[in-house]
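One structure below.
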Amino acid sequence: MNVSEKRLSVLAADSPEAFLRLTGVMARRGFRLRGMSLAKTMHPGVVRYTLVFPGDDGAAERAVLNLRKVVDVLRVEDVSGEAFRERWVALIRCACRACDVPETLPLRVLEEDADSVLFEASGDRETVESCISAMASFGIGDVIRGGPFVMPLAPGTEPPV
Amino acid sequence: MRMTGAEMVVRLLEANGATHVFGIPGGSVIPLYDAFSDARFTHLLMRHEQAAVHAADGFARVSGRPGVCVCTAGPGFTNCLTGLATAFADSVPLVLVCGQVATSLIGTDAFQEADVFGGSLSVVKHSFMVRDLAGLARTFRSAFGIAGEGRPGPVLIEIPVDLQREVGDLPSGTTDGECPVRVSGRGGATPELREALRLLDAAERPMFLAGGGVMISRASEALLSCAERFQAPVATTLLGKGSFPGSHPLSLGMAGMHGTPQANLALSEADVILAVGTRFSDRTTGNTGFFGKAAAVIHIDIDASEIGKVVAPSLGIVADAGDALRFLNECPGRRRDPSWVARTREWRARYAAPGMMQGGFHPGDIVRRIRNAFDDVVPLVADVGQNQMWAAQHWSAEHPGTFLTSGGLGTMGYALPAAVGASFAAGLSPVVCVAGDGGFLMNVQELDTCVRYAVPIRIFILNNGCLGMVRQWQELFRDGRYSQTVTGSPCDYVRLAGAFGIPGFSCSSLEGLDSVLSEVASVEGPVLVECRIAQEENVFPMVPPGGALGDFLFRAGDA
Ligand SMILES: Cc1ncc(C[n+]2csc(CCOP(=O)(O)OP(=O)(O)O)c2C)c(N)n1
Ligand SMILES: [Mg+2]
């Protein structure tokens, strides 16, 4: 994993205001979000943001401390590193036939029509990125990336709300 | 109890301790203003919403309680932004109740609709959009709680006008129940505090740097006994002025860009610096590459995100200033060699002569004369610019809450309205306002407020006929190209005061000032004094931008 990139998991109130405050704090403190996911949690009224941004340990620490000051934020955790498993997803549309693509690539075919195929790649970031580069030779029409989705490796370390 | 939303707001403001509310009415708060007629608090009509927020800010800084202000939607709100940003930058607790267009019109670009929530986002600690009456009591309780708790700040409550008219139930017992406020910081004997004690005990040349947080946490007494116990001289930041008595033998005065030589030299030579309740503004530290290089820096702040933000301390402690200082106080310590304190006193003696131009009507002398004409509990509110720095250098603040100024944001026009609020906070007692000619004109309309409420404000305008602080930088760093700073305005301040119904005086010598001061003493309501000073007067000492604190210019020509 890219060591100069950090991931934070933020549990926050499920409201449009909370979203604005959270992203506002990141922008004002000079963090450039490279990825973000927003999802419901098991607890009604609480959502999880996963934020990805370039920076070192110090930057992550600063982001954590500043996010903790946001009143709607319930919990912030640095989820970068070995103790966490993360997944990325990409949807790739290519001008080819599904059978043209080597089976060794970990791709799922979602849809196929006369002149294009929609693939899904998922896995760690390297896997997803290598799928995308491998598909380049087949003529990528469009690609959309999502993630990361991060879980701690050890069960029970998932932060309670 | 059944009542309208507006009546609920009044009851909730009362329940949360509001005694004075500063504001200006408008279309979206007419129901609210209607309900003010039987409120137990006093509403004070200001002449600009920015001024209303500054007044609430001045009120809060003197009383230690959240200031309260009210404005209407749209332009009323946008006028408040500077006031909110000023309070946010200086961690001042206040609650702004802001009208909004009717719920059904939100998002339609209705008349006077502005994005209150979005607009306030970066200048408030938190904001609430009220969308029904059900949670109103909880909203107000949270707002006051958040404003005052931990590191204080401004909080906004936006209420659409239809909800002010709507009738609903206000549950009884509106002040009890849970408030979703988290307590940060912890007191007691943490390992970090023990380590701080060890460092201080081992120090040969310890000192304190006290910021505004000391006053917010009402820790001045603890600071005083701590300083005496460790025989540690105390420098303050601009906002920390008043946290330690300026006349105390251990007082070094203000540190930073225009700080005293003894404070800046001590910071350069101390071996342990205990910085408490300060965010290490660049105006305080000078070039951070050199700040506290000879020292172990201990940084105590209630806001964890301040630790290490600017200065990487040897020891960072997230704690309330008072809790931490009281802990340090209670532990036994060793006796200390007095030579370090003696050394700081030598510096003070060596640089005793104020570094100003020779001859004439010196701003430093002016400020000292004014200071001597008033009791030391009378607060000074300083505006922004050279006047602010002269006030900071020469007004010895003896008590917490007696020196007010916009430090973090540096908002010109702050002083006059903030002084109004400061006066109300102390039962309409006398307050001194020092402003430059430029900043004074930025909220000059508040003279009307001073007259209507007979505020015993003593306004001193240090009139140098220019935007002096910018002119000074142009002189020092732009080869004297005075681009848009020298105004030489012919404004007649005595007649200006007269037009508002305020006695006005003008003077251009210390003798003249003395006789004006004796007349001022017998004026009951507001009074304005213009002091005509030289345009060329500069603020010294000065650490040039980017310089180390020890490398100050002491007087003109040192560069
Ligand atoms: C609202 C605002 N606008 C501009 C500035 C930039 N500024 C800082 S000091 C200064 C000059 C202030 O002039 P004056 O009020 O006459 O005070 P002096 O420095 O002359 O004492 C200016 C323009 C500011 N601090 N605040
Ligand atoms: Mg001026």
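The values are calculated or read from the model by the stated rules, or taken from the named source; none is laboratory data. Here the structure is a predicted model, which is why all the values come from computation and not from measurement. In this analysis, Cβ positions are derived from the backbone assuming ideal geometry, glycine residues included, and neighbour counts consider all displayed protein chains. Calculation scope for accessible area: heavy atoms of the full protein, side chains included, ligands and nucleic acids excluded. Shrake-Rupley method; radii C 1.70, N 1.55, O 1.52, S 1.80 Å.
The requirement of being away from chain B (no Cβ under 14 Å) and either more than 25 Å from B:Ala312 (Cβ to Cβ) or in contact with a Gly (Cβ under 8 Å, 6 or more places away or on another chain) (or both) is fulfilled nowhere in the range A:59-75; no residue meets it.
Do you know which of the residues in the range B:412-426 that are outside any helix (DSSP H, G or I) and open to solvent by less than 10 Å² (accessible area, probe 1.4 Å) is farthest from ligand 2 (Cβ to nearest atom)?
Filtering first and then ranking leaves B:Tyr414.
Looking only at residues in the range B:450-469 that are touching a Leu at 6+ places or on another chain (Cβ under 7 Å) and not hydrophobic (A, V, I, L, M, F, W, C), the one that is nearest to ligand 2 (Cβ to nearest atom) is B:Pro456.
All told, B:Arg218 meets the bar of being in contact (Cβ under 8 Å) with a residue 60 or more places away in the chain, on the phi > 0 side of the Ramachandran plot and among the basic types (Lys, Arg). Selection of the range B:105-128 for residues being out of contact with any strand residue (DSSP E or B) (no Cβ under 7 Å at 6 or more places or on another chain) and at the interface with chain A (Cβ under 10 Å from one of its Cβ atoms) yields B:Gly118, B:Leu121, B:Ser122. Selection of the range B:361-383 for residues being assigned to a loop (DSSP other than H, G, I, E, B) and either at pLDDT below 95 or within 16 Å of ligand 1 (Cβ to nearest atom) (or both) yields B:Phe361, B:His362, B:Asp383. Can you find a residue that is among the basic types (Lys, Arg), within 16 Å of ligand 2 (Cβ to nearest atom) and away from chain A (no Cβ under 14 Å) anywhere in the range B:517-537? The answer is yes, given that some residue of the range B:517-537 is among the basic types (Lys, Arg), within 16 Å of ligand 2 (Cβ to nearest atom) and away from chain A (no Cβ under 14 Å). Of the residues making up the range A:66-109, those that are under 30 Å from B:Ile146 (Cα atoms) and open to solvent by less than 30 Å² (accessible area, probe 1.4 Å) are A:Asn66, A:Leu67, A:Val70, A:Asp72, A:Val73, A:Val76, A:Val79.
Look through A:Phe53, A:Phe119 and report the one residue that is under 15 Å from the mean Cα position of the chain (by Cα) and either crowded, with 19+ Cβ neighbours inside 10 Å or assigned to a helix (DSSP H, G or I) (or both). Going through A:Phe53, A:Phe119 in turn, the sole match is A:Phe53.
Evaluate the range B:465-477: report whether one residue or more is more than 28 Å from B:Ala263 (Cα to Cα) and out of contact with any Phe, Trp or Tyr (no Cβ under 8 Å at 6 or more places or on another chain).
Yes, some residue in the range B:465-477 is more than 28 Å from B:Ala263 (Cα to Cα) and out of contact with any Phe, Trp or Tyr (no Cβ under 8 Å at 6 or more places or on another chain).
Among the residues of the range A:66-113, not one is hydroxyl-bearing (Ser, Thr, Tyr) and under 30 Å from B:Ser91 (Cβ atoms).
The single condition from (1) outside the structural domain of A:Pro106 (by TED's automatic domain parsing); (2) modelled with pLDDT of 95 or more that A:Ala90 fails is (1). Taken together, the residues in the range A:26-37 that are touching a residue at least 24 places away in the same chain (Cβ under 8 Å) and either open to solvent by 70 Å² or more (accessible area, probe 1.4 Å) or at the interface with another protein chain (Cβ under 9 Å from one of its Cβ atoms) (or both) amount to 2. Scanning for something within 14 Å of another protein chain (Cβ to nearest Cβ) and either more than 22 Å from B:His126 (Cα to Cα) or of a type outside the set (Asp, Glu) (or both), does the range A:47-54 turn up at least one residue? No, the range A:47-54 contains no residue that is within 14 Å of another protein chain (Cβ to nearest Cβ) and either more than 22 Å from B:His126 (Cα to Cα) or of a type outside the set (Asp, Glu) (or both). Selection of the range B:340-360 for residues being modelled with pLDDT of 95 or more and open to solvent by less than 60 Å² (accessible area, probe 1.4 Å) yields B:Trp340, B:Val341, B:Ala342, B:Thr344, B:Trp347. For first residues located in the range B:376-387 and within 14 Å of chain A (Cβ to nearest Cβ) and farther than 19 Å from B:His248 by Cβ, partners that are open to solvent by 20 Å² or more (accessible area, probe 1.4 Å) and more than 6 Å from ligand 1 (Cβ to nearest atom) and lie 6+ apart or on another chain with Cβ distances below 9 Å do not occur.
Among the residues of the range B:537-559, the ones that are more than 16 Å from B:Asp365 (Cβ to Cβ) and in a loop (DSSP other than H, G, I, E, B) come to 16 in all.
Each row is one residue, and each column tells you yes or no for (1) over 27 Å from B:Leu553 (Cβ atoms); (2) within 16 Å of ligand 2 (Cβ to nearest atom).
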| site | (1), (2) |
| --- | --- |
| B:Pro430 | yes, no |
| B:Phe440 | yes, yes |
| B:Arg471 | no, yes |
| B:Tyr482 | no, yes |
| B:Cys491 | yes, yes |
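Within the range B:442-468, residues that are small (Gly, Ala, Ser) have Cβ atoms under 8 Å from residues that are within 14 Å of ligand 2 (Cβ to nearest atom) and open to solvent by 40 Å² or more (accessible area, probe 1.4 Å) in these pairs: B:Gly465/B:Val486; B:Gly465/B:Thr487; B:Gly465/B:Gly488; B:Gly465/B:Ser489; B:Gly465/B:Gln535; B:Gly468/B:Gln535, counting only partners at least 6 apart in sequence or on another chain.
If you check B:Val62, B:Val70, B:Val92, which single one turns out to be crowded, with 24+ Cβ neighbours inside 10 Å, among the β-branched types (Val, Ile, Thr) and in a loop (DSSP other than H, G, I, E, B)? B:Val92 is the lone residue from the list that is crowded, with 24+ Cβ neighbours inside 10 Å, among the β-branched types (Val, Ile, Thr) and in a loop (DSSP other than H, G, I, E, B). Please go through the range B:504-528 and give me each residue that is open to solvent by less than 70 Å² (accessible area, probe 1.4 Å) and either polar (S, T, N, Q) or part of a loop (DSSP other than H, G, I, E, B) (or both), ordered by number. Selection gives B:Ser506, B:Ser509, B:Ser515, B:Val523, B:Gly525, B:Pro526. Selection of the range A:9-25 for residues being without any contact (Cβ under 8 Å) to a residue 60 or more places away in the chain and more than 12 Å from chain B (Cβ to nearest Cβ) yields only A:Asp14.
Selection of the range B:136-149 for residues being open to solvent by 30 Å² or more (accessible area, probe 1.4 Å) and more than 11 Å from chain A (Cβ to nearest Cβ) yields B:Arg138, B:Arg141, B:Gly148.
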